[in-house]
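Trainee: A single structure is presented below for examination.
What follows is calculated from the coordinates using simple rules that are stated; it is not laboratory data. What you see is a predicted model, and the numbers here were worked out from it, not measured in a lab. No Cβ is skipped: glycine too gets one built from the backbone with ideal geometry, and neighbour counts run over all protein chains shown.
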Amino acid sequence: MGYRWAPYPLLTRTRPAYAHARSGAGFFLETCAGYPVFMGDLRLEELSAKTIVAANSLELRPGQEQFVTPTSYAIADAFVNPVTSWPRVVLDGDRVVGFIRGNFDPDAQQHEFRSCIWRINVAADSQGSGVGKFAAHALADEARSRGFDKLYVIWEPGDDGPEQFFLHIGFVVTGQTQYGESIGALEL
Ligand SMILES: CC(C)(COP(=O)(O)OP(=O)(O)OC[C@H]1O[C@@H](n2cnc3c(N)ncnc32)[C@H](O)[C@@H]1OP(=O)(O)O)[C@@H](O)C(=O)NCCC(=O)NCCS
């Protein structure tokens, strides 16, 4: 199944080496408009009764569990309206290899909760092969289609944390929460 995302500057190049990291499962093409296209097995599906158990039991790498739910999200979880949630699984063939949950709530009091990645997890043995980037950019596409011009994420700094991932895919640190977490934003 083909998947096309928007022309983020950092993605407007062909990436054959990256495809090799996925054991030949996919490759990038460049369209005549210069936009990259990922052709491969990865696809996004709405979280369902069929996938929820696999999504909840994704095994992470040692040391990563503590970064899954930054304090700001853990606290806000009690107040967030479930209808603003956008939960999706990433499938590689038939296997759930990732989970991403967005939140889209233009009325949220805190601007970083209006259009954001609330959770993103990739199975330990699928990390480093583009699954997280695929999921984050699919969520960014969804945010753009809803009229947002930024996608936010909050993460906890730390050696085994996701900071380098978010910076690699284009997020820029815009501030800190009261709990010392980083707030990152991606221009859409
Ligand atoms: C963060 C996470 C989602 C990244 O997923 P992933 O599938 O391994 O990331 P990708 O393979 O798509 O990586 C995309 C880019 O980020 C880079 N990257 C990812 N993790 C990195 C790290 N720890 N250090 C340096 N670069 C990293 C990759 O090299 C790749 O760069 P490229 O585009 O130049 O090739 C995954 O490590 C994870 O599930 N972590 C545990 C849960 C977590 O911390 N979630 C965040 C909560 S806020």
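Trainee: Out of all the residues in the stretch 84-91, is one or more of a type in the set (Ser, Thr, Tyr), within 22 Å of ASP149 (Cβ to Cβ), more than 14 Å from the ligand (Cβ to nearest atom) and buried (at least 19 other Cβ atoms within 10 Å of the Cβ)?
Mentor: Scanning the stretch 84-91, I find no residue that is of a type in the set (Ser, Thr, Tyr), within 22 Å of ASP149 (Cβ to Cβ), more than 14 Å from the ligand (Cβ to nearest atom) and buried (at least 19 other Cβ atoms within 10 Å of the Cβ), so the answer is no.
Trainee: If I ask for residues that are in contact (Cβ under 8 Å) with a residue 40 or more places away in the chain and over 19 Å from LEU167 (Cα atoms), which ones from the stretch 126-146 would you list?
Mentor: GLU142, ARG144, ARG146
Trainee: Could you tell me whether any residue of the stretch 156-171 is within 23 Å of GLN64 (Cβ to Cβ) and aliphatic (A, V, I, L, M)?
Mentor: Checked the stretch 156-171: at least one residue is within 23 Å of GLN64 (Cβ to Cβ) and aliphatic (A, V, I, L, M).
Trainee: Have a look at GLU163, GLU156 and point out the one that is without any contact (Cβ under 8 Å) to a residue 24 or more places away in the chain, farther than 15 Å from GLU46 by Cα, surrounded by 13 or more Cβ atoms within 10 Å (Cβ to Cβ) and within 8 Å of the ligand (Cβ to nearest atom).
Mentor: That would be GLU163, the only listed residue that is without any contact (Cβ under 8 Å) to a residue 24 or more places away in the chain, farther than 15 Å from GLU46 by Cα, surrounded by 13 or more Cβ atoms within 10 Å (Cβ to Cβ) and within 8 Å of the ligand (Cβ to nearest atom).
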